[in-house]
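Q: First the structure, which I've put down as structure tokens, then a few questions once you've had a look.
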Amino acid sequence: MGVHPHHAAEADEVAWSRLEALAADPRVRAVGEIGLDFYRNLSPPDVQRDAFARQLHLARRVGKPVLVHDRDAHEAVTGALLTWTEDAAAGARDGTLTPPDRARTEGVLHCFSGDAEMASTLTARGFLVSFALPVSFRSAVGPRLAAAELPEDAVLVETDAPWLGPAADRRNEPTTTLRVAAELARLRGTSAQTIAGATNANLGRLLERNGIRA
């Protein structure tokens, strides 16, 4: 559950109260898709920032990972997530928060479009980086460098269906992840089977945070 940045301006206090209740429900496994989208700006940037921060703090209170949307907002998203993890560490030191468990993921950088530095910075704070089909485009310089350099235990693959398909007239379906895995394997000099095994293990670690067996 979560408020996408496109709809941040639509959330009133009634909606926030409902989100608080949903987040506490054990059937809800993560807070998301949340984040910032400065490409379309369907909600004002300041409103997006406030909604993002509010939901990050909600996720911390209920102890659930976040699924993060970032489009043309790399610096702002990185800053928000660094502040969030630093605040948690400070809260643990003064006794107001339970210490973050670094053996568990903090969340996922969905459909990653940033660069290698961003990926490295945030995986060091406990985030997984999820790649979709655009990583196969030669124009996606930043994501391709990140995909080549990240440790094996920090990578996921996804479709983002129905968007980001192989062509405008072709369906985006689960098999698209095979193409993503094959491209990651090529960039990393390994096999698609190795990528599949690693991403399944990483997904399992994310799900096990909330007691789900992958």
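Q: Let me make sure I get this right: for the chain, a, b and c are the square roots of the gyration tensor eigenvalues over alpha carbons, sorted descending. Under 1.5 in a/c it's rounded, otherwise prolate if a/b > b/c, else oblate. Which is it?
A: Here the chain falls in the prolate category.
Q: Based on DSSP H runs of at least 4 residues, each adding -39500 (n - 2.57), what is the mean residue ellipticity at 222 nm of the chain after dividing by all its residues, to the nearest 500 deg cm²/dmol?
A: -15000 deg cm²/dmol
Q: Any chance you could get the radius of gyration and Dmax over the Cα atoms of the range 119-214, in Å?
A: Answer for the range 119-214, Rg first and Dmax second: 13.3, 39 Å.
Q: Would you please put 112-118, 80-86 in order of how densely packed they are, using the mean number of other Cβ atoms within 10 angstrom per residue and starting with the highest?
A: 112-118, 80-86
Q: Helix 45-62 versus the longest principal axis of the chain: what angle, 0 to 90°, nearest 10, using Cα atoms?
A: Tilt of helix 45-62: around 80 degrees.
Q: I would also like to ask the following. Using a cut-off of 10 Å between beta-carbons, work out the net charge of the residues near A11 (Lys and Arg +1, Asp and Glu -1, A11 not included).
A: -2
Q: If you don't mind, there's one more thing I want to ask. How far apart, in nanometres, would the label points at N200 and L164 be if each is projected 7 angstrom from Cα along the Cα-to-Cβ direction?
A: Result: 2.2 nm between the two label points.
Q: V14 versus R171, label points 7 Å from Cα toward the beta carbon: distance in nm?
A: The modelled label-to-label distance comes out at 3.8 nm.
Read-outs throughout are calculated quantities, based only on the coordinates presented, and are distinct from any laboratory measurement. Bear in mind that the values here come from a model prediction, so they are computed numbers and not experimental data. All Cβ positions, glycine included, derive from the backbone under ideal geometry; neighbour counts span all protein chains shown.
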